[in-house]
Amino acid sequence: MHIGQSVAIITDAGNPVGKAVALHFASLGATLALVDNNEVELKKNLTILS
C-alpha cells in the first residue's frame, strides 16, 4: 500500500496525539479527513496543517 494514495481518517484530531498522527500521514502524502467534537481545538490544528 502506498500511503500517498490513501485517505486517512483521524478521529480526535484536536488533541496532541491526533495532531501528531495527522502531521505524520500528511508528511507521507496522504489525503486527510480530520474530525473532532472539540471544534476550537480542531480548528487550531487545521490552521497548523494548512
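The table below lists the values:
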{"item": "Solvent-accessible area, 1.4 Å probe, carbon plus sulfur percent, for the chain", "result": "61"}
{"item": "Peptides 38-50, 15-27 ordered by average Cβ neighbours within 10 Å, highest first", "result": "15-27, 38-50"}
{"item": "Nearest-ten-degree value, helix 39-49 long axis tilted from longest Cα axis of the chain", "result": "40"}
{"item": "Å² of accessible area per residue within the chain, as computed with a 1.4 Å probe and no ligands counted", "result": "70"}
{"item": "Net charge, Ile10 excluded, C-beta distance under 13 Å - Lys, Arg +1, Asp, Glu -1", "result": "-2"}
{"item": "Sites Ala20 and Ser50, calculated FRET efficiency, Cβ-Cβ separation with R0 25 Å, nearest 0.05", "result": "0.90"}
{"item": "Cα-based helix-to-principal-axis angle, 16-27 vs the chain, degrees rounded to 10", "result": "30"}
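The values are calculated or read from the model by the stated rules, or taken from the named source; none is laboratory data. Just so you know, these numbers come straight off a predicted model, no measurement behind them. For neighbour counting, all protein chains shown are included, and Cβ atoms are generated from backbone atoms with ideal geometry for every residue, glycine included. The accessibility values were calculated without ligands, DNA or RNA, using every heavy atom of the protein model including side chains. Shrake-Rupley method; radii C 1.70, N 1.55, O 1.52, S 1.80 Å.
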